[in-house]
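Working notes, structure below.
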Amino acid sequence: MTAATIDRPTLAKAERNVGRDLMDIYEKLATGERLDFSDGSRLFKTDNLSAVGWMANLVREARHGDRSYYVRNQHINYTNICNKFCKFCSFYAKKGGPQPYELTLEAVRRRLEEHIDVPITEVHMVGGINPRLPYQYYLDLLGTVKQVRPGVHIKAFTMVELVEIQRQAQKPLLDVLMELKAAGLDSLPGGGIEILSDRVHEELFDRKLDGEGWMDVARTAAAAGLTQYATMLYGHIETPDERAEHLVRIRALQDETKHFITMTPLAFHPEGTELEHIPHPTGYDDLRAIAVARLMLDNFEHVKSFWIMNSPQITQLALWYGADDVDGTVHEYEITYQDDDHGNKRQVLTRKQMIKLIEEAGRIPIERDSLYHEVIAGEKEPDVQSRFEIELTEIR
Ligand code: SF4
């Protein structure tokens, strides 16, 4: 995968949009030179967000023009029991927080069947690190999904879960990955490291795999031929330099393994975590994270704005700040809750709404599968009630 060549606007126009301070970065982009750590750091620190977004949009349009991708998918979070106690996490079961659960295979089957009339192409499964679940559970979980929905793409298990699965299997990781693949695993969703910084690891999630360990699992997964996605959790205690460092390290790993396809910057949601005192990242932070990821990751084909984390409105703007993907229709997302949820796990945009969201942002919606092949949608989707229907009406 090579860096995209951007259309070089006239120097005067570039200077007008970028301003003198960032022109050296624009020059690098225009000549195809890779940005370095200090460029990334400046992009995260500058007040001139519109310049960062303008440059990111040039790169985005050079790669994808107006095309903006979405997928029809279902999320299943098979357990919220977890022994890692990450301080930024509101998902795991705790006193005064969410009640513990682990889904039986029958419950997983029922959840899939609830949406069986929606032509979903991807099932996304992650869960807590639950030491009660044996190796066979994970194999059967994958098997159950493929039984109910043959042909669906299964994106499942963070690097941290894979370490637990291997611990249960008592076999080399490569063997475990090959067995998971044979049972139905198609790709890995990324996540688990949040931000590649030893300081943040120690302060927020020291029971979990560290950065080097995370990268080793990614290397082994690449050797097993598994496509991977990457994330960056921002807006907690990390510094702008740590964000830049994260992107540089992920990019170097991609140079080595070539198995990453998409970067998704994820906004931290403090509600229900040990970091509730930290203010929620703003739309300004969201757009900057998307834009800088697009500018730094010259070896990633796609940058995603996950509408559930960023809101549909910011995601519409993000399509002009470097993002070319909005994730999917998403049935039942349980990792983060909005304040007004009252236990409502339904977070859905229908295909029609997804198309509207992208078209109203002035881009061209393209339905994709998990590997970005275009899906020619012929099947009708039932009209699913969406909790975001009103919000979308409001922004028209
Ligand atoms: S982020 Fe993952 S590993 Fe950490 S506590 Fe939450 S579920 Fe467990």
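The values are calculated or read from the model by the stated rules, or taken from the named source; none is laboratory data. The structure presented is a predicted model; accordingly, all values stated were derived computationally and were not measured. Note: ideal-geometry Cβ built from the backbone for every residue, glycine included; neighbour counts use all protein chains shown.
Values for this structure:
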item: Counted residues, region 73-84 - those being part of a loop (DSSP other than H, G, I, E, B) and buried (at least 16 other Cβ atoms within 10 Å of the Cβ); result: 5
item: Wholly enclosed helices (runs of 4 or more DSSP H) of region 140-223 bearing at least 2 residues under 21 Å from the mean Cα position of the chain (by Cα) and within 14 Å of the ligand (Cβ to nearest atom); result: 159-169, 198-204, 211-223
item: Any pair with Cβ under 9 angstrom, 6 or more apart, that starts in region 72-83 at a residue that is closer than 12 Å to Thr104 by Cα and modelled with pLDDT of 90 or more and ends at one that is among the aromatic types (Phe, Trp, Tyr) and near the ligand (Cβ under 9 Å from one of its atoms); result: Asn77/Phe91
item: Selection status of Ile129, crowded, with 21+ Cβ neighbours inside 10 Å and not aromatic (Phe, Trp, Tyr); result: yes
item: Any helices (runs of 4 or more DSSP H) falling wholly within region 10-57 and containing at least 2 residues that are modelled with pLDDT of 95 or more; result: 23-31, 37-45
item: Criterion violated by Ile116 - all others in (1) surrounded by 15 or more Cβ atoms within 10 Å (Cβ to Cβ); (2) modelled with pLDDT under 95 satisfied; result: (1)
item: Selection within region 134-153 - surrounded by fewer than 15 Cβ atoms within 10 Å (Cβ to Cβ) and closer than 16 Å to Ile120 by Cβ; result: Gln147, Pro150, Gly151
item: Subset tally (residues that are more than 16 Å from the ligand (Cβ to nearest atom) and either in contact with a Leu (Cβ under 7 Å, 6 or more places away or on another chain) or not in a loop (DSSP other than H, G, I, E, B) (or both)) for region 90-115; result: 10
item: So Glu238, is it at pLDDT 95 or above, within 16 Å of the ligand (Cβ to nearest atom), of a type outside the set (Phe, Trp, Tyr) and within 19 Å of the chain's Cα centre (by Cα); result: yes
item: Selection count, region 60-89, where residues are more than 16 Å from the ligand (Cβ to nearest atom) and touching a Leu at 6+ places or on another chain (Cβ under 6 Å); result: 1
item: Residues of region 116-139 satisfying the condition of being assigned to a loop (DSSP other than H, G, I, E, B), closer than 19 Å to Ser187 by Cβ and within 13 Å of the ligand (Cβ to nearest atom); result: Gly127
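Yes/no per residue for (1) under 30 Å from Glu271 (Cα atoms); (2) hydrophobic (A, V, I, L, M, F, W, C):
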{"site": "Glu61", "(1), (2)": "no, no"}
{"site": "Tyr69", "(1), (2)": "yes, no"}
{"site": "Asn73", "(1), (2)": "yes, no"}
{"site": "Tyr101", "(1), (2)": "yes, no"}
{"site": "Val126", "(1), (2)": "yes, yes"}
{"site": "Gly143", "(1), (2)": "no, no"}
{"site": "Ile154", "(1), (2)": "yes, yes"}
